[in-house]
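Report on the structure given below.
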Amino acid sequence: MIQNKPIHLQKYTTKVKEGIYQIVLPTPFPVGPVNVYLIEGEVLTLVDTGPKTEEAWEILLRGINEAGYQLKDIQQILITHHHIDHCGLLERVRKIAGAKTLGHPLLAKYIEKDQTFNHYRTHFFYEFSRECNVPPEYQHHYARQLEYMQSLMEPSQVDIKLAHRQQVPGLKEWEVLYTPGHSQDHLSIYRKRDGVFLGGDHIIEHISSNALIEPPFDPSNERPMTLVQYRTALEMCADEKIEIVFSGHGESVTNHRELIHNRLKSNWERTENIRNLLKDGPKTVYELTTLLFPTIFQKELDLTLSETMGHLDLLKLVHQVNVQKRDGISIYSIESNER
Ligand SMILES: [Zn+2]
């Protein structure tokens, strides 16, 4: 079998597989550079756009040129999820190229910057902070974070909403897979012919993706158990015949089953840590978070609270913890016969 070796075209673009170019863009965020992809199909498709910075914009244009195209050649943009390192430049690309946006139906709410939805999310996170017993001085952390994120993106729209297992319009070899957990609108795409999987932030070689807490889209529903979603979506991908994963950050993955197995295992070890912490008495989500992440919880409160909450959801699901509400604050304890 002839190996398809990546071809480094110039500085920013690599032809990683037949008809797939990877462009690496800088971001101002701790996660580091983001990978976006150009796919040649019936329609030239850009997968993710990178953050809204002039530096990323310049490099995106150069990267597209290195692949032999111009921005106006892009006919559609597929967004893996709404995080601003992946779609900050969406509206600029969309407008200048006259391209359509493809994404998960839930992507629309996030990128339209719908005021009602933004208020709903802010309110949810305020209530969530209270439920976790976050001290008042940190309770505005979420609102400030959401505002900052919003400032890094222009409102945009989704033109074509994609369904799980459907063929990607304009890319007949590619199939859509819903992969929620890291975000509620996360999707990946898969080319069965050669097992190529574009995984956004779902499968990343060097980092374990956060399963970020989000409100339910329908306020009458329960909050989604994001870590359970993430683990389930990983298991779904482990069952697929994937040869190579091209991620939103970092290197490609050629041993996806092993990586998923290790992720699930180390993830469950943290679940066990939390269960052990509860052995010496009931605790709130905030208290557990400070114990688990003593050096970073202040700086990364949203990420660390999500992490703790996710594991508590898991423990609750398998009947290993009890939760009681007192004055709106959730208090977790180990099942009494476990102590
Ligand atoms: Zn992300």
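The values are calculated or read from the model by the stated rules, or taken from the named source; none is laboratory data. Computed from a prediction, not measured in an experiment: that's the story for all the values here. Ideal geometry is used to build each Cβ from the backbone, glycine not excepted, and the neighbour counts take in all protein chains shown. Keep in mind that these areas ignore ligands, DNA and RNA; they rest on the heavy atoms of the full protein, side chains included. Shrake-Rupley method; radii C 1.70, N 1.55, O 1.52, S 1.80 Å.
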Quiz item: With r defined as the distance between the Cβ atoms of N255 and D327 and R0 fixed at 45 Å, what FRET efficiency is calculated, to the nearest 0.05?
Solution: 0.40
Quiz item: Based on Cα positions only, what radius of gyration and what Dmax would you give for the chain, in angstroms?
Solution: 20.7, 66
Practice problem: At 1.4 Å probe size, with every protein chain present, just tell me what the per residue accessible area of the range 33-185 comes to in Å². | Solution: 41 Å²
Practice problem: For the chain, find the longest principal axis of its Cα atoms and tell me its angle to the long axis of helix 226-238, 0 to 90°, nearest 10. | Solution: 50 degrees
Quiz item: Of W268, W57, which has the most accessible area and how do the rest follow, probe 1.4 Å?
Solution: W268, W57
Exercise. For the range 264-324, calculate the relative contact order in percent as a whole number, restricting contacts to Cα pairs under 8 Å that are 6 or more residues apart.
Key: 37 percent
Quiz item: What does the accessible area of F217 come to, in Å² to the nearest 10, when a probe of 1.4 Å is used?
Solution: 60 Å²
Quiz item: For the range 143-215, what % of the accessible area comes from carbon and sulfur atoms, probe 1.4 Å?
Solution: 52 percent
Practice problem: Give me the accessible area of H319, 1.4 Å probe, in Å² rounded to the nearest 10. | Solution: 140 Å²
Quiz item: Can you give the extra length, in nm with one decimal, that the chain gains between D280 and D218 once fully stretched, where that is 0.36 nm per residue apart less the Cα-Cα distance?
Solution: 18.6 nm
Quiz item: Given q = 0.17, 0.20 Å⁻¹, what are the Debye log10 I(q)/I(0) values for the range 1-157, with equal point scatterers placed on the Cα positions and solvent ignored?
Solution: -0.96, -1.21
Self-check item: Most to least accessible of D327, D73, D302 (protein chains only, probe 1.4 Å)
Solution: D327, D73, D302
Self-check item: the chain - mean residue ellipticity at 222 nm from DSSP helices (-39,500 (n - 2.57) per run, n ≥ 4, rounded to 500)
Solution: -11000 deg cm²/dmol
Exercise. For N262 paired with Y126, estimate the spin-label separation in nm (one decimal), with each label point 7 Å from Cα along the Cα-to-Cβ line.
Key: 4.4 nm
Quiz item: Do any of K100/K161; K15/K100; K95/K192; K11/K241; K72/K95 go past 21 Å between their Cα atoms, and which?
Solution: K15/K100; K95/K192; K11/K241
Exercise. Equivalent ellipsoid semi-axes for the range 72-161, as square roots of 5 times the alpha carbon gyration tensor eigenvalues: give them largest first, rounded to whole Å.
Key: 31, 12, 9
Self-check item: Share, in percent, of DSSP beta bridges within the chain that are antiparallel, nearest 5
Solution: 75 percent
Quiz prompt | Geometric extent, Cα atoms of the range 47-93 - Rg, Dmax (angstrom) | solution = 10.1, 28
Quiz item: Which whole-number percent of Cα pairs in the range 146-259 have a distance greater than 17 Å?
Solution: 60 percent
Quiz item: If you take the alpha carbon radius of gyration of the range 270-321 and divide it by 2.2 N^0.38 Å, what ratio comes out, to two decimals?
Solution: 1.06
Practice problem: Give the value in nm², to one decimal: projected area of the alpha carbon convex hull of the range 83-129, averaged over all directions. | Solution: 4.1 nm²
Quiz item: To the nearest 20 debye, what charge dipole does the chain have about its Cα centre, counting +1 at the Cβ of each Lys and Arg and -1 at the Cβ of each Asp and Glu?
Solution: 260 debye
Quiz item: Of all accessible surface on the range 220-339 at a 1.4 Å probe, what whole percent is carbon and sulfur?
Solution: 46 percent
